Amino acid sequence: MELTPQNKSNEQLPESIEAGDKERWASLIGGGAMVLMGLRQRSLRGVLMAVAGGGLLYQGAKKQSTLKQAQEAIGLNQPIKVEKTVTINKPAAELYSYWHDFAKLPTFMKHLESVTVIDSKKSHWVAKAPLDTNVEWDAEIIQERENELIAWASAEDADIENSGFVRFKPAPDNRGTEVKVVLEYNPPGGAIASAVAKLFGEEPEQQIGDDLRRFKQLMETGEIATTEGQSSGRE
Amino acid sequence: MKAVCWEGTTKVEVKNVPDPKILNPRDAIIKITSTAICGSDLHLYDGYVPTMQKGDILGHEFMGEVVELGSAVKNVQIGDRVVVPFTISCGNCFFCNRDLWSLCDNSNPNAWIAEKIMGHSPSGLFGYSHMLGGYAGGQAEYARVPFADVGLFKIPDGLSDDQVLFLTDIFPTGYMAAENCDIKPGDTVAIWGCGPVGQFAIRSAYMLGADRVIAIDRVPERLQMAKEQGKAEVLNYEEVDVGEALKEMTGGRGPDACMDAVGMEAHGTGLEGFYDEAKQALRLETDRPTALRQVIVACRKGGTVSIPGVYGGFIDKMPMGAAMNKALTMKMGQTHVHRYLKPLLEHIQNGDIDPSFVITHSMKLEDAPKGYEIFKHKKDNCIKVVLKP
C-alpha cells in the first residue's frame, strides 16, 4: 500500500467534512443561512443565538458538518472552545433534569462557587478565581429541548463572555446516555485575563472532562469519588 | 493509628498517622486484623510505579472488622468480619454491571492521569499510586473502604484470617489467570513465576482441569512449594533452556497455555537480561519483559497467553511476529476480584484448597520494613508475608 502525503487543502473539501451521523445537535447548529448569519459573529454563542432566534433548523442540506466549519471560523477570533463527551449509565431524562437545575452544577463543577436561578431562563453564576476573588456573570438559557439539550450564553455585559450547550443522546443498546458538553469563552483583556486563565486551567479540556466525570460519578453512584481528607504519613 | 508509609525507593516506615474518616456516604472504616505484602508492592518499593508520593500508606491485601459505616451502607453491620477486594468498584457503571470490576469507571478520582498514559482509566486500587486513585492502603491499623456496600465481603464463622485473607487479591488473581488460559482436557499449562500468584495459579489450573502444570522459577523454595504442594513439574531457568525444555516435555508442540506470573521486574539472564536492566534503570523502558517474551515464543501455535503479572508502561522488543504468526490469544488484566469472592470462598469451605499454605512469615505491623526486605530478596525462604496489626 502506498502512502501519499495528505493534501492539506483536501481537508477543507465538503466530502471530507461530511457529517458522519445524524446527531441532533449537529443539525441544531447545522447548515443554512441562520448558521452563516451566526458565524458572521464568529462565535458559538452567535451560532446558538442565531439558531435559537430564528428557530429555523434543518439537517445540513449539503450534509456538511458545519461544526467543523464553525470551529474554524471561531478559531479566527481565538476564543477558547472545548468539547467533551462521556457516557453515563442513566436515562437521559434523569440527567437532563439534574443538569437543568443550574443551582446544582457546583456540586460537580469544581470551579463554580454558586449558581443562583433567577427565573426559568436567567441565572447568576459565581466562579472561584485565584487570590480569594470571584468572577461573576449572568447567563440565559437560549435553547432547551426536554431531555435532549440545554444551551446557554452569558449576558452581553459579562466579564467573561461565555456560552455552551450540553446534549443528552441515548447510547446504543441501553448503555445509558452520551452527554456532550461544548463550552466556549472569550478570555478578556486587562487585569482579569490571568484570573480567567487560571479559572479554566491550563488545560480547559481536562477540566471540563473532570467536571463531566464527577457528574457521571454522582449520577451513577450517588457520590463523587475522593481521597481528600484521608490519612497519610504526610500530615 | 500506625501505618506502613512509602517514604521513597526501597524505604518504608511505620509511622503514626491520623485515623481514617468516613468521607462519602458509601464508605466504611475497617479495623484491620490481617494484611499482606504483595509482589506488586515490590514494584512500588523499588520505585518503578510513577505517581507515588512520600507518606502514602501502602497495602492492598487486607481484612478485618467493620467499625464505622457511612449513611448509605445498609447491607453490612458494625462488627461484621470482612475481606476487602484490592480493586475499588462502584457496582453501578457499565463495567461493574458486566462483571469487569477492575475496569470500574467511577472509583479513580485521578482518572485523568491514567487516561493520559493508557487512554482510559482502570478502577482505583488501594495503596497503589496516585495514578490509580491515591487511596490510602491497608497496611495499617484501620482503613477507609469506599463503595463498601459492594466492596466488603462478609466471611462466615469458622474460617481463620489466614484461610480467607488472600481472597482480597492473590487467590482470585491466580484463579483468573488460570481461567484466562482457557484450559481444555489434556492441556499442559506452563507458568512463569512461582511466587504467591504463581502458586495459586498452579492450584487453580488443576482445579480448572489442566492435565499437566509446568512451573518455572529460580528460587529453590518456590520451586519446592510448586512441586510438593502444587504437584507441578518444575524447571529452574538458571539451569535449563526453558524454551527447549518445554518443547521436549510436550512432544515438540509447546504448552497449550503459557502464563506470565512475573511482570515488570523479571530477572533476565545473559545479554538480554542486562539490556533490559540497563534500559529500565535509565528509565528508557518502564518494564523488564523477559518472562513475557519467553512466554510468547514458548507457547504452542494457536495457544493462549495469560498475563496476571503487573506491567506498568512501555516495553521493548516484544516478539509480536511470533504472537501474530502463531495465532496466539492473549488475555490479561487486573483481577475482577468481586467476581471470584463467592465461588472461591466455596472452594475454601469445601476443602478444595487452604490458601494459608503460601504463608511463610507472619509478623507484627511494626516489622513491615523487615518484611519488605526479606520478601524482596527472598531471604529466609520467604514466599509470603502476613502482617498482624
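What the table below lists for this structure:
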| quantity | calculated |
| --- | --- |
| Per-residue mean of C-beta atoms belonging to partner chains within 10 Å, peptide B:54-62 | 2 |
| Gaussian network model of chain B, springs between alpha carbon atoms under 10 Å - residue of B:Ser107, B:Ser160, B:Ser362 with greatest fluctuation | B:Ser160 |
| Table column - 3J(HN,Hα) (Hz), the range B:357-364, Karplus curve with 6.51, -1.76, 1.60, x for Gly and Pro | 4, 7, 6, 10, 9, 10, 9, 6 |
| Mean shadow area of the range A:80-221 over all directions, Cα convex hull, nm² | 8.2 |
| Point-to-point label distance, B:Asp19-A:Glu94, nm (Cα→Cβ direction, 7 Å offset) | 3.6 |
| The range A:80-221, accessible surface, carbon-and-sulfur percent (1.4 angstrom probe) | 50 |
| Long-range HN-HN contacts of A:Ile142 with modeled amide H, under 5 Å | A:Ala151, A:Trp152, A:Ala153 |
| Residue among B:His377, B:His60, B:His267 with the largest mean-square fluctuation in a Gaussian network model of chain B, springs linking Cα atoms under 10 Å | B:His377 |
| Reduction of at least 20 Å² in accessible surface, 1.4 Å probe, comparing all protein chains with the chain by itself, residues of the range A:89-110 | A:Asn89 |
| Per-residue HN-Hα couplings for the range B:374-379 [Karplus 6.51, -1.76, 1.60; θ = phi - 60°; Hz; x = Gly/Pro] | 6, 5, 4, 8, 6, 7 |
| Loss of accessible area when A meets B, both sides summed, Å² nearest 100, probe 1.4 Å | 2400 |
| Residues of the range B:4-51 buried by at least 30 Å² on assembly (accessible area, 1.4 Å probe, chain alone as reference) | B:Pro18, B:Leu23, B:Asn24, B:Arg26 |
| Peptide B:136-142 - average C-beta neighbours from other chains (10 Å radius) | 1 |
| Angle between chain B longest axis and helix B:196-207 axis [Cα atoms, degrees, rounded to 10] | 70 |
| Orientation-averaged projected area, Cα convex hull of the range B:171-332 (nm²) | 8.5 |
| Estimated FRET transfer efficiency when R0 is 22 angstrom, pair B:Leu271-B:Asn236 (beta carbons, to 0.05) | 0.65 |
| Solvent-accessible heavy-atom area per residue, rounded to whole Å², over the range A:80-221 at 1.4 Å | 45 |
| Check: the range B:171-332 dipole with +1 on Lys, Arg Cβ and -1 on Asp, Glu Cβ, in debye | 400 |
| Most mobile of B:Ser356, B:Ser71, B:Ser204 in a GNM of chain B (Cα contacts under 10 Å) | B:Ser71 |
| Cysteines (scope chain B) whose Cβ has no counterpart Cys Cβ under 4.7 Å | B:Cys5, B:Cys38, B:Cys90, B:Cys93, B:Cys96, B:Cys104, B:Cys181, B:Cys194, B:Cys382 |
| Mean Cβ neighbour count within 10 Å, used as a protection proxy, ranking B:133-141, A:159-167, B:33-41 highest first | B:133-141, B:33-41, A:159-167 |
| Table column - 3J(HN,Hα) (Hz), the range A:172-180, Karplus curve with 6.51, -1.76, 1.60, x for Gly and Pro | x, 6, 6, 8, x, 10, 7, 10, 10 |
| B:Thr9-A:Glu205 pseudo-label distance in nm [points 7 Å out on the Cα-to-Cβ vector] | 3.3 |
| Where a label projected 7 Å from the Cα of B:Asp354 along Cα→Cβ would reach, residues of the range B:143-174 with amide N under 16 Å | B:158-166 |
| Cα centroid of the range B:315-348 to Cα centroid of the range B:91-163, whole Å | 19 |
| Contact order normalised by residue count of chain B, Cα under 8 Å, 6+ apart, percent | 17 |
| Apportionment of accessible area to carbon and sulfur, chain B, percent (1.4 Å) | 51 |
| Where the range B:171-332 is the region considered: accessible area per residue in Å², 1.4 Å probe | 43 |
| Value of Rg to Rh for chain B (Rh from inverse mean 1/r over Cα pairs, i.e. Kirkwood) | 0.95 |
| Per-residue average of Cβ from other chains inside 10 Å of B:107-114 | 4 |
| Proximal charge balance of B:Gly302 [Cβ under 15 Å; K/R count +1, D/E count -1] | +3 |
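The values are calculated or read from the model by the stated rules, or taken from the named source; none is laboratory data. All of these numbers come straight from a predicted model, not from anything done at the bench. Positions of Cβ are backbone-derived with ideal geometry, glycine not excepted, and every protein chain shown enters the neighbour counts. Keep in mind that these areas ignore ligands, DNA and RNA; they rest on the heavy atoms of the full protein, side chains included. Shrake-Rupley method; radii C 1.70, N 1.55, O 1.52, S 1.80 Å.
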